Amino acid sequence: MTQWPLWEVFVRSRRGLSHVHVGSLHAPDAELALRNARDVYTRRQEGVSLWVVPSAEIVASDPGEREAFFDPADDKVYRHPTFYSVPDGVEHL
Amino acid sequence: MPEVTFDQLLADDGRVEPRDEMPDAYRRTLIRQIAQHAHSEIIGMQPEGNWISRAPSLRRKAILMAKVQDEAGHGLYLYAAAETLGVDRADLLDQLHTGRQKYSSIFNYPTLSWADVGAIGWLVDGAAIVNQVPLCRCSYGPYARAMVRVCKEESFHQRQGFEILHTLAHGSPAQHAMAQDAVDRYWWPSLMMFGPPDDDSPNSARSMAWGIKRFSNDELRQRFVDMTVPQAEVLGLTLPDPELRWDEERGHYAFGTVDFSELQEVIAGNGPCNRDRMAHRVGAHEDGAWVRDAATAYALKQAARTEGAA
Amino acid sequence: MSLVPYVLALADDALVSAQRTAWWISRAPELEEDLALANIGLDQLGQARSLLSYAGAVEGAGRTEDDLAYLRDDRDFRNVWLVERPQTDFGVTMARLLVFSSWQCELYAALASCGDPTVSAIAAKAVKEVAYHRDHARLWTLRLGDGTEESHQRMQAALDAEWPYVEELFEPVDGALVDPASLRTAVLDRVQSVVQDATLAVPTTAPVVGGGRRGLHTEHLGHLLADMQHLHRSHPGVTW
């Protein structure tokens, strides 16, 4: 029993937007993965461009390290424009 | 701050994602449910596929091909969701082919006339939608996302079924009779799609607590009946239940008792089409083995050639 | 000369192909391929519908796409033999699709600039579809030809079995807007280069005596039509 590898599929829904992950599929190689992605994920005009990536090639952050990875950003509120007070009447700022 | 636990996630109505820690039983329950759902989609291609070659107009043929194709897609999305839990599609298919995992019993009923294609769209897909819409908010992220996609695509399925029946019911007497016969045969099996009654559904409570299930079997069954009865009136078709009536007090339709012993028989493998469905499915899989193997062999050769060239 | 026989010939090629291709839905080697073949079948069916509707309009007798699809007997069908024979082997399906879509590609590309504006518009849309079919068939021919020993043998056998039906594509057709013979070199070059890339041998099997364009068919077409037409014919004049 040979199982074709798993691929992740990313679709650009229209020009000007990023490719977004839509799902996965099986394919024996990159050429067929791309075509399978077209047949599976763009049947209803969902896209104008496709990426396929072998699932095994995705490097993901570990949920166990979520706090160390993401919590330190919590107190850096000065990175957001809403942190700053702007006097009444000032425009285009 | 402590790591967000599985229980907290569920309590906050958050979503569990593939790499999160989760109880084994939650994982096993999901794998079983998603796989069974995926199997139902691909076995479900057969009863309607049975009429593609005979569809009575080219327009109907195109719609039916697109619909059965969608079911392959839905099976595919769902297998992919199950695979995020650490199983392979090939293993799941193997479990289907060897009878260790089930699929929805509704697909063990035959499609004897063209009107059955309409009845499946209207009643079977209608019931499926009632079951599936709450799953779009399932606690397991990949399953919920797959269901969002499925529900979006499914919305045309029920309508085309209704349209087929509406056309038949307002057509010739023979067409009307065909439509009524199909509804007569598919009504009760559709009600069985919601599973056993609540007091006989041992795993329901746990699935509710885990946010995999949002409403009980009987609640969903009632919702389906309430939706469907007025639609039957528009179709000009009757539903084969003498006890069916509006219950003013409850604000719901009252309906007769579902014969769950029949459901048990069909689940046990003794439905009208169990053997045919499995033979078709296993046959396709076995006939395709040489093709899958060839593609794998070619990919290995190509990789070796690329490496050799580098 | 009337356009009707020619447009019907192309329509019937597409319709009968669609009917055969659709058989695969629920029977493909892998789920992804179920979707791919359904897409191809839907494209072929769409081409058939456009061409049948146009044939009906040109004929001027009020016949719709369904009248033409469901109410003609096999002697009135004008498709080639290549598309009408049963096919339940994936290799055969891909061999046939490689030939058929390569031919359709050249044909529709030429028709896209023909003098008839409707045929030209149908062809301009269809040529994009069949280019994808041709690519699909090419990729699979490569994989089956250069895959395992078994797949190599089966793909060679499939090509050998389809080859006798290739020449009929280039035979004269009444009212042709593009001379079928003019497509021969381009189609055969394309097919042969894929076959060779797939480590397969170009078959030398002799062409059969066809006759599809004159309404003379294999015994298989009658069965295909019986299946396709029986429900429609059992209820004359109704709406579906």
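Descriptive notes on the structure:
- Ordered by solvent-accessible area of protein heavy atoms (1.4 Å probe), largest first, the residues C:232, C:136 come out as C:232, C:136.
- Region B:22-124: equivalent-ellipsoid semi-axes (sqrt of 5 x gyration tensor eigenvalues, Cα, Å): 30, 13, 11
- Using the alpha carbons alone, the radius of gyration of region C:4-234 stands to its Kirkwood radius in an Rg to Rh ratio of 0.95.
- Surface composition of the protein assembly as shown: carbon plus sulfur atoms hold 54% of the accessible area, using a 1.4 angstrom probe and ignoring ligands, DNA and RNA.
- Annotation: per residue accessible area for chain B equals 41 Å², rounded to a whole number [probe 1.4 Å, protein chains only].
- In terms of its Cα atoms, region B:76-188 spans 54, 31, 20 Å along the principal axes, sorted from long to short.
- The residues of chain A present an accessible area of 69 Å² per residue when probed at 1.4 Å with all protein chains retained.
- Per residue of peptide B:48-54, the mean number of Cβ atoms on other chains within 10 Å of the residue Cβ is 5.
- Computed from backbone phi, the HN-Hα couplings of region A:35-41 come to 6, 4, 4, 4, 6, 8, 10 Hz, rounded to whole numbers (Karplus: 6.51 cos²θ - 1.76 cosθ + 1.60, θ = phi - 60°; Gly and Pro given as x).
- Occluded residues from region B:286-304, i.e. those whose accessible area drops by 10 Å² or more once the chain is not alone (1.4 Å probe): B:288, B:290, B:291, B:292, B:293, B:294, B:295, B:296, B:297, B:298, B:299, B:301
- Under the convention that each Lys and Arg Cβ holds +1 and each Asp and Glu Cβ holds -1, the size of the dipole of the protein assembly as shown around its Cα centre is about 1160 debye.
- Taken residue by residue and averaged, Cβ atoms of other chains lying within 10 Å of the Cβ of B:75-86 number 4.
- Hits among aspartates and glutamates - C-alpha to C-alpha of residue C:128 under 16 Å, sequence gap 8 or more where chains match: A:39, C:43, C:106
- Distance (nanometres) between label positions extended 7 Å along Cα→Cβ at residue B:177 and residue A:62: 7.2 nm
- Using θ = phi - 60° and Karplus 6.51 cos²θ - 1.76 cosθ + 1.60, couplings along region A:9-25 (whole Hz; Gly, Pro as x): 10, 10, 10, 8, 6, 7, 4, x, 10, 6, 6, 10, 5, 10, x, 9, 7
- Distance between the pseudo-spin-label points of residue B:88 and residue A:13 (7 Å out from Cα toward the beta carbon): 3.5 nm.
- Taking Cβ atoms as reference points and 15 Å as the exclusive limit, the residues near residue C:191 contribute a net charge of -3, counting Lys and Arg as +1 and Asp and Glu as -1.
- Contact surface C-A: accessible area buried, both sides summed, square angstrom, 1.4 angstrom probe: 1300 Å²
- Peptide C:150-162 has a mean shielding of 2, counted as Cβ atoms of other protein chains within 10 Å of each residue's Cβ.
- Expressed as a fraction of 2.2 N^0.38 Å, the value expected for a compact globular protein of N residues, the C-alpha radius of gyration of region C:73-128 is 1.36.
- Rh by Kirkwood over Cα pairs, then Stokes-Einstein D for region C:140-190 at 1.567 mPa s and 4 °C, µm²/s: 101 µm²/s
- For region C:215-240, residues shielded by at least 20 square angstrom of accessible area compared with the chain on its own, probe 1.4 Å: C:227, C:228, C:230, C:231, C:235, C:238, C:239, C:240
- Overall form of region C:82-205 per C-alpha gyration tensor (a/c, 1.5; a/b vs b/c): prolate
- Amide H to amide H distances under 5 Å link residue A:49 with A:12, where only residues 5 or more positions off or on other chains count and H is placed in the peptide plane.
- Helix-only arithmetic for the protein assembly as shown: the sum of -39500 (n - 2.57) across DSSP H runs with n ≥ 4, divided by the residue total, places the mean residue ellipticity at 222 nm at -18500 deg cm²/dmol.
- Cα-based equivalent ellipsoid of region A:6-79: semi-axis lengths in Å, sorted from largest, via gyration tensor: 31, 18, 8
- Taking B:22, B:45 and ordering them by how much accessible surface each has at a 1.4 Å probe, largest first, produces B:22, B:45.
- Accessible area in square angstrom per residue, region C:4-234, 1.4 angstrom probe: 35 Å²
- When the accessible areas of C alone and B alone are added and the area of the pair subtracted, with a 1.4 Å probe, the result is around 4000 Å², both sides summed.
- In a fully extended conformation the segment linking residue C:160 and residue C:226 would gain 20.9 nm over its present Cα-Cα distance, using 0.36 nm per residue.
- For the protein assembly as shown, the average shadow cast by the Cα convex hull is 37.6 nm², which is a quarter of the hull's surface.
- Largest mean-square fluctuation among B:299, B:232, B:146, in a Gaussian network model of chain B whose springs join Cα atoms under 10 Å apart, belongs to B:299.
- For region B:108-250, the Cα gyration tensor yields ellipsoid semi-axes of 29, 18, 13 Å (square root of five times each eigenvalue, largest first, whole Å).
- Amide H contacts for residue B:252 (H built 1.01 Å from N in the peptide plane; partners 5 or more residues away or on another chain; cut-off under 5 Å): B:247.
- Taking all pairs of distinct alpha-carbon atoms in chain B, Kirkwood radius in angstrom: 21.1 Å
- Residues in region A:28-43 that, when all protein chains are in place, have 10 Å² or more less accessible area than the chain alone would give (probe 1.4 Å): A:28, A:29, A:31, A:32, A:35, A:36, A:38, A:39, A:40, A:41, A:43
- Hz values of 3J(HN,Hα) by residue in region B:276-283 - Karplus curve (6.51, -1.76, 1.60), Gly and Pro given as x: 5, 4, 5, 4, 4, 5, 5, x
- Scattering profile of region C:201-240 at q = 0.15, 0.16 Å⁻¹ [log10 I(q)/I(0), Debye over alpha-carbon scatterers]: -0.59, -0.63
- Region B:212-285: C-alpha gyration tensor shape, a/c 1.5 cut-off, then a/b vs b/c: prolate
The values are calculated or read from the model by the stated rules, or taken from the named source; none is laboratory data. Being a predicted model, the structure only gives us computed values, none of them experimental. In this analysis, Cβ positions are derived from the backbone assuming ideal geometry, glycine residues included, and neighbour counts consider all displayed protein chains. Ligands, DNA and RNA are stripped out before the accessible areas are found, and what is left, the full protein with its side chains, is counted by its heavy atoms. Shrake-Rupley method; radii C 1.70, N 1.55, O 1.52, S 1.80 Å.
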